[in-house]
Amino acid sequence: MYKIAVMGDRDSVLGFKALGLDVYFVEDTDTARRTLHHLAGENYAVIYMTEQLAQHLTGEIARYKDAVMPAIIFIPGKSGSLGLGEAGLKSAVERAVGADIS
């Protein structure tokens, strides 16, 4: 059975634990990098990641961009949105449709 994980700073992702998701508190880039690769190697179909964390892991995230699993989805952190989630969704739609539809 596939699992869902959430990565980010404690204040941003703690609430996801109440929903039954696997929560990983990461504060620095090296720990985040190791955690991402560990989760990708396990049975995680979806990995939610705060945008603040994602902006430091662009190379690692790009490695999984065209893979079927895991789907890496950006969520706003405690300090608000950086627009990465919206930009990622727009890019995915453009690739799927073949044109910018906005």
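Every number here is computed from the coordinates shown, using simple stated rules; none is lab data. Note that this is a predicted model, so its numbers are computed, not measured.
What to note about this one:
- For segment 1-82, projected area of the alpha-carbon convex hull averaged over all directions, nm²: 5.0
- For segment 1-41, the Kirkwood radius over C-alpha pairs fed into Stokes-Einstein at 10 °C and 1.306 mPa s yields D = 150 µm² per second.
- Stretch gain in nm, segment M69-H38, where the contour uses 0.36 nm per residue and the Cα spacing is subtracted: 9.9 nm
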